[in-house]
Structure formats: structure tokens, C-alpha cells
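Asks: Right, I'll just put the structure down here and ask away after.
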There are 2 protein chains.
Amino acid sequence: MAFVKKSMTGMKDILPKEMELREYLLGIIQSSYKSYGFNRIETPALEDISNLTGGQGGDNEKLIFKILKRGEKLNLETAKKENDLVDAGLRYDLTVPLARYYANNSDKLISPFKSLQIGSVWRAERPQKGRFRQFTQCDIDILGDATNAAEIELILATTGVLSKLCPKNKFTLRINDRNILSALVKASGIEEKDMSAVFIILDKLDKIGIEGVKKELTQLGIDKEKVENYIAIINKLESSTDNKFKLEFIRENTKEILPDDCIDGLLTIINVVEECKTADFNIIFDASLVRGMGYYTGTIFEVSMEGFSGSVAGGGRYDKVIGKFSSKEVPACGFSIGFERIVTILMEENFEPEKEPVKKAYLYEKGLNDSAFIDILHKAKEDRKKGLTVLVTAMNKNKKFQKEQLSLQGYTEFTEVYREELKK
Amino acid sequence: MAFVKKSMTGMKDILPKEMELREYLLGIIQSSYKSYGFNRIETPALEDISNLTGGQGGDNEKLIFKILKRGEKLNLETAKKENDLVDAGLRYDLTVPLARYYANNSDKLISPFKSLQIGSVWRAERPQKGRFRQFTQCDIDILGDATNAAEIELILATTGVLSKLCPKNKFTLRINDRNILSALVKASGIEEKDMSAVFIILDKLDKIGIEGVKKELTQLGIDKEKVENYIAIINKLESSTDNKFKLEFIRENTKEILPDDCIDGLLTIINVVEECKTADFNIIFDASLVRGMGYYTGTIFEVSMEGFSGSVAGGGRYDKVIGKFSSKEVPACGFSIGFERIVTILMEENFEPEKEPVKKAYLYEKGLNDSAFIDILHKAKEDRKKGLTVLVTAMNKNKKFQKEQLSLQGYTEFTEVYREELKK
């Protein structure tokens, strides 16, 4: 077989310039989240295949990179279906592995546990611009706190980080609750069995408009009257920008369906976040926010950034996932930053990370004797002690071009060293 | 299928305490290597399967985690052998991917290119204590420099880093050259075809002793006289600790086999490193150093640390690997730190990373009203502005135990907040 020069489809080789930006951003994310007491942890890239295909990941479960069994466990002749051949897969998110991690290690972790994860995830999506098959996620999660304090802290911390990462970009946080989504469907008289299909249609509101939603709901075979009820509610909610009005409207229209503390909870979250936020953003209750993952059970939220489609961060409450891994259910809530989105946005803006240390290059003529070379290395050592970045490199034939390239990399000081006989 | 709580065999969930140590060490590695002008880069975890099975990785090629083909490309019925089912694998090291990266991106990289990689690699080794199937490597490489300046810089930079990572542990760098290994075999009259087998036996010298090597060489079917020749040379070299003596002895005994500049090159490397090293270590020429990877073509080196078996870092010159991926051969040399070894050594020593920022915890009684909670969050915000790490968390029933646990995590300041009516 021939060697292949290109990287795998949809996965990228990261060049030094992008890498510098990524590291700068990761530095901000880490130090900022740590100042809230989040603890960095790590799980393996591979998970048991049954953890990844248990219905927690929604559509992502169709996109798993699966790992072939090894040695005696692999039996090509008796294998009838794909899953006879594999025993593991690459994680498609950081939430399912975190739930497993918590179930596996809870005796060694403080409660509630505040986790910070930064790591790669893999999804075999159809390749397209700006979509990668390996990408980095930055997640914070609070495990073991059933109260709104978890949502509030996740939102304050994440919006604070986003404003540091993209100081020039305005953003908006939209919030909803899965229980409101269901309650509104029920209040319209639509049957439970159609619920998921309704959510999938509602999720497209931005793209197809209210008329489009109405049309697709009718095509689904739902009674005209029930569709009218539902559309009337959504219309009313879409017509207002007043969070309190919208939530009280829902309270009125879902009596005996939705417990009061769901509405009160959202009001508290919105109120406290407005009071305590360190970043300049709007928090908007959005009854049409759905989010795809199968595991959400309560509050859900998403951040969109001006001028960019899709979301840059998202999360929510998933109180039932840890219970799948152990006998004990543990309330959980998380917020994930779409790191690659942020990188793409900043690369497009030609964002320059903060100043690095002074960069100095020693260019030496090839063929120096040992003692002349030792002399350069000693000087470089002294410079590094002073905090400089020091490159020692042979002079290329085209010295002018070499220095231009180095200047582009931020080198500002150049010292040229020639062989004894050529010394100027 | 049931959910599995444990992490994959041989892969570990990393707890906060170890994570803190890892990050501290990675910080040292990064800043130290960057001060030499090494550029951080990244390649995907997955490589085309043909890149991983092309004979570069020695025994590691038997340990690849392979990725099942997806969609139409996967045909279970027509698949006859394992490789009909897979199109990719997880990288087993960072060197082969780097060679591909350089071939793929050389037009965008400065020459010579100094690369720094920190990343996970995967090997399906038999599980045993201290061996992991996913582990981190930290590699620096210089691509495009055929001179000894590359070896010298790699050695100075890596030994400098090691002395910062493990300031209390004495270490030794052993160095050899693949060309010396072959020349000594040839000089003894042993045939070319037996060369690899001889290296594998010589590599066991530490374990089986010189008599063991002699016995196994004889068992290989090599003429008694030739074995005697070879053993005599090795014995002579093992009897001395004087690098210059050993290298001149080899020069004498390999005339017309080994080019002079190989010996001169090693003498230069040893001399310059001795003169310029920032760490306190010995550099020893070791004619029995072999190193397993298939791709080495010249100098090879390895670092061992007092009190620990095996090596903590290793590397060498591999001038022929990049040429496999492009029409152009590019000289290359690298040094890799076995990060997990370092972590294990320091964990065993109960090493404590440098002081972190002051850690303060607000413990609040559950059921605070919004304004009391807002008040705490404002205080926490102010503390964070001053650089503190601030945890806001609900008081557990067993407050004493909770504070003890937090103290173990480094929290030194505690503020307790009670509901209005209970305020003390």
C-alpha cells in the first residue's frame, strides 16, 4: 500500500499560526473556568461501543467511528453484522463519557462536582466547509446539584469566557426548558406520540417560518384544530420580547400540566444572570429552542453570535444520564463551547493573540567549528534566561527570504554569525 | 446493550489531582521548548491505515486500533481479510504523522522546521501495571537539518526540560548511531542478512548479560569465530566509560566500513553538549543502544532515570521517512518524552506542583432567596477579579466533611452564608 500525504478526510493538520491562536484561547478558557473552581479532568478517547449506542446521543450515534475488535475476539467468518466486529468507538461528545466517569469515580470526587473538560470528539459527518470530523469541545458541568444554582453558574462562567474570547462580537443567550416544550404541545391537545416529531419541526422555525411549521405539522397528520392551537401559542410567544410576559403567558396556558416551579425556576435564572453577568449580552427566553441531544431533561440553552449562523455554545440539564451507568441517579447540567466555531470566527477576523515574549534568531553560516557553535549556544542560553524566545538556525542561501519568513513568525531581533574567515 | 461504567481496558479516567500535575508538567514542557523556537503543531488522531502499516513502526504496527469503514465502503459479505474492513487507524506515535504533515504542508512551513507536538497515541498492548493503551507523548523534531546541530539542540532542549520536570532525579543520556551498530556487525564478519536478528539480541544485553548475548548469537547459527569477534568488540567497549576511547576504538576497528564523519559527528555532539548543557547529567556513548523503531537511520539516543527501569525519553535521526510521503527526502531528527513515565515517577514521589492562586469557597445554605444568592455571586466576582479561585457551592449536610474535602483540594478560605432567619 502506498503512503498517503493528505490528512484524513474532514480532519485537519493544524499549522503553527492557527495553533498559536488555539493555545491562546485555551489558556483563557482554562484560567477563567478554574477561577470558578471547576476541576480539569480527562476521559479516554475510546468508549465501550454500548455506551455510545444506547440512545443518548440522538443523530450523533449514526456518526460514530467504530474500532475493530482485536486478536481472538475478532472473528470475520462468524460476524453477521457491523456490531459483531467492533467493541469500542471514538466519543462523539464529552457528556456521555463524563456521566460514565462520574459513575465510575464518584467515591473519589467532591459533591457537587464541577468538571472542566477540553478534548477532541469525533463524528463522521459529511465533509463540508467549516465542519470537521475531529474537533475540540470545551465543556463545564456541575454534577450533583439539582438546583438552579447550577444553571446560573454555568451561564455566568461560560458567557464570561465567551466575552473574553471574542471581545468584539455581540452574542445572545437563548434559554428554554424541555418541560415547557412538552407542556405546550400537550396544552394544544396534540398527542404524546407526536411529540418528538413536533420538536423536530419546531426546531426549524428560524428557517421555514411559522407558516412552514404549520404546514409540516398538518402534513404530519395532526388535527387542524390542534395545529391551530399550537401555532396560536407559538405566535403569541414569538410576538413578544418580554421574558416575564412570555413565561407568565405559558403559566396561564399550561395550568395543571406544567408545575409552577419550572416557570419560577426560569424566572430566577434570568433574574440572577441579568444581575450578576460580567459580560454584555441579552438573555432571551425562547420557546422554540429545542436542541437535538436525546439526554436533556430540563433547562436548555444556546449562545448565538452576531453575524454567524448556528450556535457557538450550548448546553442544558440531563438528570437521567448518570443513572444509566449506576444504580444512583445524579442531577447534572452542562455547558459546552464549540471551540472550532470560535477559532473559525477569529481566524476570519485575523485576530492577533496578545504579544508573546521577544523573539530573537541567531543565523549562523553552515560549517562553524565546535567552539564558535558553543559560543552561540551559550549566548542563546543567556537570552532564554531573560525570558526571550531564541531560535538558533543555519543561514539559508536566500538569507533575505529566510529573515522575512521569520519576521512573519514574530522574530524581531537577528544576529548573524559567520565562519571565522568571513567574519565582518 | 448495557451501559459500561468502567473505562476501556488499559485506558484511564484521569482524576483532578493527577490532572493538576499533568497540566503543571505540560506547562513547563511547552514554555521551555517554545523558548527554543519550537512551533506547536497538531495532526489528527486518525491516519490512513496504509501510513500506519508501511513498516515504519516496528512492533507497534501490530498494536494498531483500527477504524471500521463506514457506509457504502463497508461490505461485510465481500470482506476476506481484516484490512478490507478498515480505512484508518489511531496513530501509534507522533513521528509518522509528523512526516506526513511535513510532506503535506512543507510549502507553508519555515525551513528547517522545528516542531513541538503534545498528543495522545494509542497502542493495543497487553494490559499491565504502568502501561496504558492511550498515553501522551511530547515530541520535538527538527526537519530539514542534516547537520549535528539538530541532535545537539534536541538533546540540550530535552535534557533541560527533564531537569525542570524532575529536579530531584538524576538521569543519564546514552547515545549511539545505527551506522555504528551495523559497522560492528560487519567488522566481525557477520552477514548482512543476520543484522536485524543480532540487533534484537544485543538490545537484551542489560537483561541477559554478555554471556547470554553470546549464547543467543550462537543459537542463531552464526559461525563461532564471528560470534567471538563480535563479543570481543562489545566486551572491550563495555569495559570502558571513556567516550573518546570507545569511539576511537570503533574507528580503528571499522576502517573502510564506517565513514570517519560518523565518529567525528558523535564526538562533536558529545563535546558541545558537555560544554553547553543546562542540566546536570552524563552523556555516555553506548554501543549496545539499539532502539526498536524501524525508521531510524543515524544517531539514536535515550534517557534513563535513576531508580526507574526503562527509558523516560528517546529519539534519533530518521532521514528516510518524509521521503515516503513525497518525492523529496528531508533529513529529520526527533526526541520524544515519555510523558506517562514522568507522571508515574512524580506521582510515586507525591510531588506537589507549585502553589496555585488562593482558593476560597462560599458555602451557602440551600434555599437562599434570589437577592441573597446574587449578593454571594457579586462577592465571588470581586474575589475572582483579584485573582482568587472562588468556588460557590451549597452547604452539604455534613459541613465538616465537606470542608475537609475542600481543604484537601487546596481551599484555605471559607465563607458560610445562611438563610436570613438563621443568620448568626
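The values are calculated or read from the model by the stated rules, or taken from the named source; none is laboratory data. Note that the structure is a prediction, hence the values are computed from the model and not measured. All Cβ positions, glycine included, derive from the backbone under ideal geometry; neighbour counts span all protein chains shown.
Conditions tested, residue by residue: (1) within 27 Å of B:Gly37 (Cβ to Cβ); (2) among the small types (Gly, Ala, Ser).
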{"site": "A:Gly310", "(1), (2)": "no, yes"}
{"site": "A:Gly314", "(1), (2)": "no, yes"}
{"site": "A:Gly334", "(1), (2)": "no, yes"}
{"site": "A:Gly338", "(1), (2)": "no, yes"}
{"site": "A:Glu348", "(1), (2)": "no, no"}
{"site": "A:Glu354", "(1), (2)": "yes, no"}
{"site": "A:Tyr364", "(1), (2)": "yes, no"}
{"site": "A:Ala380", "(1), (2)": "yes, yes"}
{"site": "A:Leu388", "(1), (2)": "yes, no"}
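Asks: Next up: Please go through (1) free of Cβ contacts under 8 Å to residues at least 40 places away in the same chain; (2) farther than 27 Å from A:His378 by Cα; (3) under 19 Å from the mean Cα position of the chain (by Cα) for B:Phe135 and return the number of the only condition it doesn't satisfy.
Replies: Here B:Phe135 meets the rest and fails (1).
Asks: With (1) in contact with a helix residue (DSSP H, G or I) (Cβ under 9 Å, 6 or more places away or on another chain); (2) over 24 Å from B:Lys324 (Cα atoms) as the list, and B:Gly71 as the residue in question, which single condition is left unmet?
Replies: Condition not satisfied by B:Gly71: (1).
Asks: Between a residue in region A:90-108 that is under 24 Å from B:Lys66 (Cα atoms) and within 10 Å of chain B (Cβ to nearest Cβ) and any residue that is in a helix (DSSP H, G or I) and of a type outside the set (Asp, Glu), which pairs come within a Cβ distance under 8 Å, given they are 6 or more apart or on different chains?
Replies: Listed by first residue and then by second, the contacts come to A:Val96/A:Asn51; A:Val96/A:Leu52; A:Pro97/A:Asn51; A:Arg100/A:Asn51; A:Arg100/A:Phe325.
This table checks each residue for (1) facing another protein chain (nearest Cβ under 8 Å); (2) more than 45 Å from the chain's Cα centre (by Cα).
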{"residue": "B:Leu346", "(1), (2)": "no, no"}
{"residue": "B:Tyr362", "(1), (2)": "no, no"}
{"residue": "B:Asp370", "(1), (2)": "yes, yes"}
{"residue": "B:Asp383", "(1), (2)": "no, no"}
{"residue": "B:Leu388", "(1), (2)": "yes, no"}
{"residue": "B:Asn396", "(1), (2)": "yes, no"}
{"residue": "B:Phe401", "(1), (2)": "no, no"}
{"residue": "B:Ser407", "(1), (2)": "no, no"}
{"residue": "B:Tyr418", "(1), (2)": "no, yes"}
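A quick yes/no check of all residues on (1) surrounded by fewer than 19 Cβ atoms within 10 Å (Cβ to Cβ); (2) within 14 Å of another protein chain (Cβ to nearest Cβ):
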residue: B:Glu225; (1), (2): yes, no
residue: B:Lys236; (1), (2): yes, no
residue: B:Ile257; (1), (2): yes, no
residue: B:Ala279; (1), (2): yes, yes
residue: B:Val303; (1), (2): no, no
residue: B:Gly310; (1), (2): yes, no
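Asks: Another question, then. Go through region A:166-181 residue by residue and tally those that are in a loop (DSSP other than H, G, I, E, B) and either among the charged types (D, E, K, R) or farther than 20 Å from A:Glu352 by Cβ (or both).
Replies: Counting residues in region A:166-181 that are in a loop (DSSP other than H, G, I, E, B) and either among the charged types (D, E, K, R) or farther than 20 Å from A:Glu352 by Cβ (or both) gives 2.
Asks: Looking at (1) facing chain B (nearest Cβ under 10 Å); (2) at pLDDT 95 or above, can you tell me which one A:Thr158 breaks?
Replies: Status for A:Thr158: all satisfied but (1).
Asks: Moving to a separate point now. Return yes or no: is B:Asp139 in contact with a strand residue (DSSP E or B) (Cβ under 7 Å, 6 or more places away or on another chain), more than 10 Å from chain A (Cβ to nearest Cβ), within 15 Å of B:Gly315 (Cβ to Cβ) and assigned to a loop (DSSP other than H, G, I, E, B)?
Replies: no
Asks: Let me ask something else. Restricting attention to region B:40-75, which residues are outside any loop (DSSP other than H, G, I, E, B), surrounded by fewer than 19 Cβ atoms within 10 Å (Cβ to Cβ) and facing another protein chain (nearest Cβ under 9 Å)?
Replies: B:Arg40, B:Ser50, B:Leu63, B:Gly71
Asks: Same structure again: Might you let me know whether region B:185-199 holds any residue that is among the acidic types (Asp, Glu) and within 23 Å of the chain's Cα centre (by Cα)?
Replies: no
Asks: Just a yes or no: is a residue in region B:93-105 more than 17 Å from the chain's Cα centre (by Cα), of a type in the set (S, T, N, Q) and modelled with pLDDT under 95?
Replies: no
Asks: For region A:1-32, give me each residue that is part of a helix (DSSP H, G or I) and at the interface with chain B (Cβ under 7 Å from one of its Cβ atoms).
Replies: A:Pro16, A:Met19, A:Glu23
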